[in-house]
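The values are calculated or read from the model by the stated rules, or taken from the named source; none is laboratory data. Because the structure is a prediction, the values reported are computed rather than measured. When we count neighbours, we look across all protein chains shown, and the Cβ atoms used for this are built from the backbone with ideal geometry, even at glycine.
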Amino acid sequence: MGHKVHPNGFRLGVYRNWEAKWFAPDKEYKTLLLEDVRLRRMLLARLKNAGVARIETERSSSALTITLHTAKPGIVIGKGGTSVDQLRDELEKRTGKRVRVTIQEIKKPELSAQLVAENVAAQLEKRIAFRRAIKQSLMKTMRAGAQGVKIRLRGRLGGSEMARVEWNREGRVPLHTLKADIDFGQTEAKTTFGRIGVSAWVYTGNFPTEAPPKPAPVVEEEEEAPISTLPGLPVAVPEPALVTAAVAAPTAAEPAPVAAAEAAPAKAKRAPRATKAATTTDGAEKAPAKRATRSRTATAKSPEGAASAEAAPKPARTRTTKKKE
């Protein structure tokens, strides 16, 4: 069997506060607890159409403060505050103490789980199909800005003879996460074929947690200044005449770039290689021997060779063709 835990009670003391804020010794605790239960039942029955989602009580030695969280504060207040005055007088008669009634408006009733469950129960009492009622409530709650919602019905759904459980969910509802802000509400729908239990879970995000402490800023150590730049000490500044002389007159080892460029001769064209002259044993130079011309050119230049070349007929060009075998 599963061990179910109430979502509100699971987060009490962590991120959620108690609805009853008072302390009493052991002898008075029982009477005050029963008084709180009766007051809550009376208020919910009387303000059934006002959309009351939560009732908080706070006690002191001689006074009782009741805070009503409602979606329709106009119904609770009434015309000119007459309904609130009547409610206050009745509470004072029941408790015998001075009662103070505070009303807080719920700006988005679609995000209140108790109001969502009461809306579904009201639709079931009007004989609306339970699946349609669930889907409409889911859509309204998600449009209002919820991150997840779950609705569960238990009983004779649709007038069936056997009771069953039907539920639907949209978004995510992390029940095991303590920091998750999950609102839970339940009520009953009184139909002609029995009572149907309605439960609703609405997840609106996480409770605001404390921001982590910011790390201390890291102070970088400044580098030690040179002795010449420390305050209070004389700074050695070169004389301007020496500086100008050093800049104006280049050193002897390093000639000025302009003078070096002018002094550098242009690259001469590559000279042709000189012919080696053969030397005799006596040391006299001997002229280089000329290359022998070809016999064809020699004969062509001579008159006899030219006449023979003209008289000789040119050989006829023959074209050989290969026969196909």
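Of the residues A236, A146, A211, which single one is within 27 Å of the chain's Cα centre (by Cα), modelled with pLDDT under 80 and not in a strand (DSSP E or B)? Spell out how you get there, then give the answer.
Working: A236 fails: within 27 Å of the chain's Cα centre (by Cα); A146 fails: modelled with pLDDT under 80.
It is A211.
Of K107, K97, which residue is more than 21 Å from L34 (Cα to Cα) and of a type in the set (K, R)?
The match here is K107.
Tally up the residues in region 1-36 that are aliphatic (A, V, I, L, M) and part of a helix (DSSP H, G or I), please.
Selection size over region 1-36: 3.
For I128, all conditions in the list (1) assigned to a helix (DSSP H, G or I); (2) in the same structural domain as L157 (by TED's automatic domain parsing) hold save one; what is the number of the exception?
Just one mismatch for I128, condition (1).
Looking at region 19-43, which of the residues that are surrounded by 13 or more Cβ atoms within 10 Å (Cβ to Cβ) and under 44 Å from the mean Cα position of the chain (by Cα) is farthest from N206 (Cα to Cα)?
Among those residues, the one meeting the criterion is W22.
If I ask for residues that are surrounded by 16 or more Cβ atoms within 10 Å (Cβ to Cβ) and not in a helix (DSSP H, G or I), which ones from region 78-100 would you list?
Residue satisfying the conditions is V99 alone.
Of these, I151, I75, I103, which one is surrounded by 14 or more Cβ atoms within 10 Å (Cβ to Cβ) and part of a helix (DSSP H, G or I)?
None of the others qualify; the one that does is I75.
Taking G13 as the residue in question, decide whether it is exposed (fewer than 13 other Cβ atoms within 10 Å of the Cβ) and at positive phi.
Details: exposed (fewer than 13 other Cβ atoms within 10 Å of the Cβ): yes; at positive phi: yes.
For G13, the condition - exposed (fewer than 13 other Cβ atoms within 10 Å of the Cβ) and at positive phi - is met.
What pairs come out if I take residues in region 114-125 that are outside the structural domain of G158 (by TED's automatic domain parsing) and pair them with residues that are surrounded by 22 or more Cβ atoms within 10 Å (Cβ to Cβ) and not in a helix (DSSP H, G or I) whose C-beta lies under 8 Å away, six or more apart or interchain?
Once the first residue is outside the structural domain of G158 (by TED's automatic domain parsing) and sits in region 114-125, no partner that is surrounded by 22 or more Cβ atoms within 10 Å (Cβ to Cβ) and not in a helix (DSSP H, G or I) comes close enough.
Of the residues E105, E28, only one is at pLDDT below 95 and in contact with a His (Cβ under 9 Å, 6 or more places away or on another chain); which?
That would be E105, the only listed residue that is at pLDDT below 95 and in contact with a His (Cβ under 9 Å, 6 or more places away or on another chain).
Considering every residue within region 53-60, establish whether at least one is hydrophobic (A, V, I, L, M, F, W, C), outside any helix (DSSP H, G or I), in the same structural domain as L34 (by TED's automatic domain parsing) and in contact (Cβ under 8 Å) with a residue 60 or more places away in the chain.
yes
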